[in-house]
1. Taking the Cα-to-Cβ direction at Glu118 and at Glu167 and moving 7 Å from each Cα, how far apart do the two end points lie in nm?
2. Charges at C-beta only: +1 for Lys and Arg, -1 for Asp and Glu. How large is the resulting dipole of the chain about its Cα centre, in Debye rounded to 20?
3. Can you sort Leu257, Leu145, Leu276, Leu78 from fewest to most other Cβ atoms within 10 Å of each residue's own Cβ?
4. Which value, in debye to the nearest 20, describes the size of the charge dipole of region 137-228 about its Cα centre when Lys and Arg Cβ atoms bear +1, Asp and Glu Cβ atoms bear -1, and nothing else is charged?
5. What pairs from Lys114/Lys278; Lys137/Lys168; Lys137/Lys170 go past 32 Å between their alpha carbons?
6. Suppose we flag chymotrypsin sites (Phe, Trp or Tyr not before Pro) only when DSSP calls them loop and at most 11 other Cβ atoms lie within 10 Å. Which is the longest uninterrupted stretch of the chain?
7. At a Cα cut-off below 18 Å, give the aspartates and glutamates reachable from Lys122, other chains included and same-chain residues fewer than 8 away excluded.
8. Hey, got a sec? Which trypsin sites (Lys or Arg not before Pro) in region 32-118 land in a DSSP loop and have at most 13 other Cβ atoms within 10 Å?
Amino acid sequence: MSKHLNFMRSAALALLVAQPVSASEEIRADTVVATVNGEEITIGQMQIVRERLPEQYQSLEDSVLFDGILDQLIQQTLLAQSFEGNEPQRIKQALTNERRFLLADAALNSEIAKGVDEDAIKAAYQETYVTNFVGPKQYDASHILVETEEEASAIREEILAGADFAEKAKEKSTGPSGPSGGALGWFGPGQMVAPFEEAVVQMEVGEVSQPVQTRFGWHLILLNDTRTDDAPAYEAVRDQLASDIQTARIDELLSSLSSQADVSRPEAGAFDPSVLSKTELLDAQTEGN
């Protein structure tokens, strides 16, 4: 059967729909909207279908969706009632999984609904970004890029002998920063190719490196200065801190539940993992139906 709603109403099915609920009656999730051979269809069941509609139907008005959703549930009920034979394992196991998922989701949402106290977030900020914060180091460097190690070594000797690094970069460097004296500006971890970064982090300010090879060629690097990033503002990291606190709290809840529970697991090798692919097991019928 199609996964999408069939909005064409059947006259025969329409006869099965219960009379509208009086406006004076209180509407609840278990309020009966229709019956099919005595089996009830409720407002709550319709709402669940509404929540799970494909995206292309989500923008439709409830007044448009109401009859279509009701028709779908009526049709499903008729088909379900017409099923003969024992209930397949696929259905039994799917229903168990669905119930487990929904209850777990409800428990999780209940925990999340407690929220995170603002004082706890501020305390986390103080600990992470004030008391114990060490920002990532940044580097201001210049470089000269040439094609061979020999040429790089020769230029380095000239610089050590007194030649100006920036002038040599303008004269010799094949990189795009050459015309500006090889200046690269400030950069942090991960912004340069690995061999270049590895060389820079080991240098002292004012030092000129040995030739360093990358996929671009051979570099001479001059480390101009270093600095440490300042801590981010509270508002910039508040939501992330709140999320981290929430996650930690849920982890603690799961740890506590696990420690108090009687859980048995199969011994290693007790099951062949390939059993997961043997979905024909789900086609077997349940016993006793």
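1. 6.1
2. Using only the charged Cβ atoms, the result is roughly 680 debye.
3. Listing Leu257, Leu145, Leu276, Leu78 from fewest to most nearby Cβ atoms yields Leu276, Leu257, Leu78, Leu145.
4. Using Cβ point charges on Lys, Arg, Asp and Glu, region 137-228 gives about 320 debye.
5. Lys114/Lys278
6. 84-270
7. Correct list for Lys122: Asp230, Glu235, Asp239, Asp244.
8. Counting only loop positions with at most 13 other Cβ atoms within 10 Å, the trypsin sites (Lys or Arg not before Pro) in region 32-118 are Arg52, Lys114.
Each reported figure results from applying straightforward, stated rules to the coordinates on display, with no laboratory input. What you are looking at is a predicted structure, and each value in this text was computed from that prediction instead of being measured. Positions of Cβ are backbone-derived with ideal geometry, glycine not excepted, and every protein chain shown enters the neighbour counts.
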